[in-house]
Amino acid sequence: MEVPISFEFPFQPYSIQHAFMQTLFDVIENKKFGIFESPTGTGKSLSILCGAIRWLKDHNTYQRETLKSQIEELEIKKRQVSNNSTDWLSTQAQEIELTRQINELKIQQNKIDEYDKKIENLKKKKNEKKFVKTKSLVVKEVNENEDDEIVLETDVHSDDEKEESDDESPIHRPTKIFICSRTHSQLSQFVGEIIKSPFGKNIRVASLASRQNYCINPNVNKLKNNSLINEKCLDMQKQTKSQKDADGKTIKKPRGTTTKCPYYKQTTIEDLKDLTLTEVQDIEDLVKKGKDLNACPYYSSRLAAEDAEVVLVPYNTILHKATREANGIDLKDNVIIIDEAHNLLEAMGQMYSSELTYNQIDQGLLQVKCYKQRFNTRFSAPNLLLINQLIFVITKLQQLMDKSNEEKTDVFTIENFVLTSKIDNFNMFRLVKFCKDSRIAQKVRSYVLKYPFDKSIVEKTPKKGVKDFLSSLTNKNEAPTENKDEKPVAFSLTNPLLAIISFLECLTYSYKDGRIFIHTNQDKSKMKLQFLLLNPTKNFEDIVKLARSVIVCGGTMKPIEEFRNRLFITSGVSPDRIVEFSCGHIIPPENILPVIMTEGPNKEKLLFNFERRMSMGGCITRIIQEVCKVVKGGIVVFFPSYNYENWVWQQIKDVAFGRLVFREPQDCGSVDSVLKSYSDAVHKSKSGALLLSVVGGKLSEGLNFSDDLGRCVIVVGLPYANITAPDLKEKMSYLDKIEGSGAGKRFYESLCMKAVNQSIGRAVRHKNDYATILLLDERYNRTATKEALPDWIKKSLKVFNFLDTFTNMQKFFEERKKLTM
C-alpha cells in the first residue's frame, strides 16, 4: 500500500503531525521498527492514533480486495488452461493445482466473511438496544473454602508438557494494534483521544487492566491487595459440585453457602464484551457498565480484546512474557506501539528483577512446613517430593542469610549463588513449574487464613512407638491448636510464597545475564536477597520475532542509540529495518526561556553536588523569592531527591513567598488532592502558587502543568543516582564489558538526563503556551550535558548569572503580556 497524502484528523494537522503519521504508516506497512520522538504538546497521542488506525483500516480493505482479486485471477487462469491446452494430462495437473490454490484462498475469504458478519451483528445488537440493565446483586459474604480446595490436586506434576498449537485457526484473527503506556491514567487519555478522533464511532477498542482495577465484587475488591484479589477471584471461579470430608466421604454443602462469583456468568460477560466492542470505553466506563449488567468487567475486557482492533494495555503486561501469556495476548503479526518509552529499558529491568526479604523467607518457610504437616498424608508421592524440595531450598536460602550479621552487600553470579547456597542439585525449572501449576502459594495462603498456628507446630519432636503412632492417626485431621503460652505468628497481607517463587524463577535465567546481591544486617528485618537482570532486552526478542512492527515513542528519546542498539539490534533486528523520527516543538522559540543559572545572588557557584548541596539553603531561598516576584502563576520546583526536598522545606517553611506553597506527597493516594489544591490556588490567587516536587517522583511524568499551572519550572541540581550502589556498579561494569569502555558512564549520565528532560516537559503543552525554565547548577553548562537536553530547549537556551537571569525573565513576561493584551 502507498502512504496516504492526507489523513483523517479532528482539525488541520500541523506539518510535524502530518510527517509523524506518514512515517508511522510507512513503518507499519513495511514491517519495520520505529523510534519516534515528538515533544510533549505536539499532539503525539492523536498522531499515533490517526496514523496507526488509518493504516489498519486501509490494510483490512486491501486484504479483502487482494484476496478477491487473487481468486478471480486464478479462476480465469483455470478456465484458460482448460480451454487452451491440448495435453490432457498436463491440463488435469494444472487444474488440480489451481483448484487447490483457489480453495485455500476461499477458505480464508469465508473466514473473513464470517467474521465480518459477526461484527455486523454486534452493531445491529447495539442499534436494537438489546443490552438490558439488570437489578443490582446483593452479594452474600463468601464462606471459606473447605480443605478439599486447599490440598494440592493429586494429578499435579511437573513434566514438561506442551500443548500443540494449531496454526490453522478455524476463525479469522483480525490484525490488532496494541497501544501500551506506563499507567492506566495515560491509557485513559488515549481513550479520550480516540473518541475525539474521526474514527471514534467506527473502531473496536478494548482496555486491559488488572483485577484490582476491574473487580466489582465487594467481597473481593475490599481486599485491596492485588495478589489477594487475584487469589480470591481464581478460587471463586471453581464450581465444586460436592465437598468431601477428611475421610473422603461426600458431604452436602450448607444452604446459602456460595463459592461462585455472581458476576462470573458467561451470558452477562458476553453481553458486556459486545457492548465494549460497539462503544469506546475506558476502565471507569466499563466498571460502571459491568455493575449495570451484573457482569465481570475483567473477563469481559479480556474477551473483547480477541475481537478488538485497538487494545490499550499497560506495557508491563506486554513486555513481561508470563503476564502476557496469562492474559492470552497473541502478538503474532500484530502492531505494538509503546508510548512514554523513555524509561523502557529500565522498566524492563525492573519487571524481571526480584527482591526477597528475610521476613518473607522466614514466614514462607514456616507456612509451607505447617501446610505440609497438616496435609502430609493426602499428598501424592510426586507432590510430596516436590514440597520437600521446596522446603529444602527455602531453608538453604535462610541459612545462607543467617551466616552473617554484618552490614554489607555481597554480589554473586547466578551460578555462584546456586553453588554457595547448596541448591545446585535441584532442577529449578521443574520446581518453579510445579509451584505455578499447583498454585501452591495460593493454597498455602488459604490454609494460613483458615487455621491460626504457631511455630511449636513444626518444632515438636517426632512421635515414636505404637501408642504415639495410634494417637497421631486419631488426631491427624484435627485443626492445629494455638499454643497458650505463645502468640500465633502475625503474617503480612502479602503472600510470602509468591515472592519466594518469583525469586526462584530468577535463578532459571541465563547465568551471564543476572547478578544476585545478599544484603546482610544486624537487624534481620533489613536483610534481603536482590536479583538484578543486567540484560533485560533478552526478553524482547520474542516480541520482535512475533510482531509485525514495533514502535517506541516518547516526548524525548535521547539518547536514541540506547533504543537502536540495546533494544532493537540486540534483539535481532537488522539496522536497515530501524527507522528514526524526530520533530521539533510546535511552540515558537520566543515562547520559551530556558536558562542555565551558574551563579547565585552573591556570585557563588551554583553546584548542588552531594558534598555542597546542604550548604545552599540560603541561596535556594533567595532564588525562589526572586522567581516569585517575577512570575505570576504556577511555579514548580523539582529537587533531586525526597530527602533534599525535605531538607530545603525545613529551611524555607517560615519564609514568606507571597503565595501558597504545596509539597509533593510521598503516598500516591494524596497526589490528586494536592494537585487540585495547587490548581485552585493558581487560578484563584492573583500571585499564583508554588509547588515543591521531586525529579522522578509522582509529579515529574505524565502530568500537565500547562498555561498558568506552570509558568516557571525550576530544576535544582542534577539528579544523579548513587554511584556507589552495588546494583548500579554492576550494571555499569556489565555495560563496559559488553559495549566497551565508557558505556557504563554514558548509561549513568543518561539516567540522570532522562529524568531532567521529563521534568522540563511538564510545562509548555500547546502552541500558544509559554514558560521559563531554570536549570540551577553550573554542571548544566557542560557540552555533553547541554547536548543531552531536548532539541527544542537547546534552540533557545541561555547561560546567565543571577542578575541577568531575572532581568531577562522580567523582559520575557512583559513581552508575553503585551502579546495577550
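The values are calculated or read from the model by the stated rules, or taken from the named source; none is laboratory data. In this text the structure is predicted, and so the values were computed from the model without any measurement. Neighbour counts are summed over all protein chains in view; Cβ atoms, including those assigned to glycine, are modelled from backbone coordinates with ideal geometry. We work out accessible area using only protein heavy atoms, side chains counted, and drop any ligands, DNA or RNA first. Shrake-Rupley method; radii C 1.70, N 1.55, O 1.52, S 1.80 Å.
The table below lists the values:
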read-out: Flag for ASN704 being under 18 Å from ALA689 (Cα atoms), assigned to a loop (DSSP other than H, G, I, E, B) and open to solvent by 50 Å² or more (accessible area, probe 1.4 Å); value: yes
read-out: Those residues of region 595-615 which are part of a loop (DSSP other than H, G, I, E, B), farther than 14 Å from PRO719 by Cα and open to solvent by less than 40 Å² (accessible area, probe 1.4 Å), in sequence order; value: THR598, GLY600, PRO601, LEU606
read-out: Check on GLN101, open to solvent by 40 Å² or more (accessible area, probe 1.4 Å), under 26 Å from HIS172 (Cβ atoms) and not aliphatic (A, V, I, L, M); value: yes
read-out: Residue match in region 522-532 (condition: closer than 30 Å to LYS32 by Cα and not hydrophobic (A, V, I, L, M, F, W, C)); value: no
read-out: Residues (free of Cβ contacts under 8 Å to residues at least 24 places away in the same chain and touching a Cys at 6+ places or on another chain (Cβ under 9 Å)) located in region 631-656; value: none
read-out: Tally of residues being basic (Lys, Arg), open to solvent by 40 Å² or more (accessible area, probe 1.4 Å) and farther than 18 Å from MET614 by Cβ across region 645-696; value: 4
read-out: Single match in TYR720, TYR734 (criterion: touching a Cys at 6+ places or on another chain (Cβ under 7 Å) and either in a loop (DSSP other than H, G, I, E, B) or crowded, with 19+ Cβ neighbours inside 10 Å (or both)); value: TYR720
read-out: Failed item in (1) in contact with an Asp or Glu (Cβ under 7 Å, 6 or more places away or on another chain); (2) surrounded by fewer than 16 Cβ atoms within 10 Å (Cβ to Cβ), with ARG622 passing the rest; value: (1)
read-out: Any chance SER502 is under 30 Å from ASN425 (Cβ atoms) and polar (S, T, N, Q); value: yes
read-out: Filter result (charged (D, E, K, R) and either surrounded by fewer than 23 Cβ atoms within 10 Å (Cβ to Cβ) or at pLDDT 95 or above (or both)) within region 755-792; value: ARG765, LYS767, ASP769, ASP777, GLU778, ARG779, ARG782, LYS786, GLU787, ASP791
read-out: In region 56-70, the residues that are touching a residue at least 40 places away in the same chain (Cβ under 8 Å) and not acidic (Asp, Glu); value: LEU56, LYS57, HIS59, ASN60, TYR62, GLN63, ARG64, LEU67, LYS68
read-out: Where a residue in region 685-700 is touching a residue at least 40 places away in the same chain (Cβ under 8 Å) and its partner, wherever it lies, is among the aromatic types (Phe, Trp, Tyr) and open to solvent by 10 Å² or more (accessible area, probe 1.4 Å), with Cβ under 6 Å and at least six apart; value: LEU690/PHE657; LEU691/PHE662; VAL694/TYR642
read-out: Among residues of region 548-573, those that are modelled with pLDDT of 95 or more and small (Gly, Ala, Ser), counted; value: 1
read-out: Selection status of ASP26, under 22 Å from LYS196 (Cβ atoms), touching a residue at least 12 places away in the same chain (Cβ under 8 Å), of a type in the set (D, E, K, R) and assigned to a helix (DSSP H, G or I); value: no
read-out: Residue within region 214-224 that is over 30 Å from PHE11 (Cβ atoms), open to solvent by 50 Å² or more (accessible area, probe 1.4 Å), modelled with pLDDT of 90 or more and outside any loop (DSSP other than H, G, I, E, B) present; value: yes
read-out: ASP282 being acidic (Asp, Glu) and either buried (at least 18 other Cβ atoms within 10 Å of the Cβ) or more than 21 Å from CYS233 (Cβ to Cβ) (or both); value: yes
read-out: Positions within region 545-566 being hydrophobic (A, V, I, L, M, F, W, C), in a loop (DSSP other than H, G, I, E, B) and in contact with a helix residue (DSSP H, G or I) (Cβ under 8 Å, 6 or more places away or on another chain), in sequence order; value: MET557
read-out: Matching residues, region 392-409, being of a type in the set (Ser, Thr, Tyr) and either open to solvent by 70 Å² or more (accessible area, probe 1.4 Å) or at pLDDT 95 or above (or both); value: THR395
read-out: Search result, residues across region 620-656 that are in contact with a Leu (Cβ under 9 Å, 6 or more places away or on another chain) and closer than 21 Å to LEU593 by Cβ; value: ILE620, ILE623, ILE624, VAL627, CYS628, GLY633, GLY634, ILE635, VAL636, VAL637, PHE638
read-out: Single unsatisfied condition, VAL799 versus (1) surrounded by fewer than 20 Cβ atoms within 10 Å (Cβ to Cβ); (2) aliphatic (A, V, I, L, M); (3) modelled with pLDDT under 95; value: (3)
read-out: Conditions (1) part of a helix (DSSP H, G or I); (2) aromatic (Phe, Trp, Tyr); (3) more than 30 Å from THR183 (Cβ to Cβ); number of the one not met by PHE657; value: (1)
read-out: Residue within region 410-417 that is more than 14 Å from ARG515 (Cα to Cα) and open to solvent by 40 Å² or more (accessible area, probe 1.4 Å) present; value: no
read-out: Residue in region 431-441 that is of a type in the set (D, E, K, R), open to solvent by 30 Å² or more (accessible area, probe 1.4 Å) and outside any helix (DSSP H, G or I) present; value: yes
read-out: Hey, ILE620 over 30 Å from ILE338 (Cβ atoms), of a type in the set (Val, Ile, Thr) and part of a strand (DSSP E or B) or not; value: no
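To keep it simple, each residue is scored yes or no on (1) over 30 Å from VAL3 (Cα atoms); (2) open to solvent by 90 Å² or more (accessible area, probe 1.4 Å); (3) touching a Leu at 6+ places or on another chain (Cβ under 8 Å).
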site	(1), (2), (3)
GLN63	no, no, no
LEU67	no, no, yes
GLN70	no, no, yes
ILE76	yes, no, no
SER82	yes, no, no
TRP88	yes, yes, no
THR91	yes, no, no
GLN94	yes, no, no
LEU105	no, no, yes
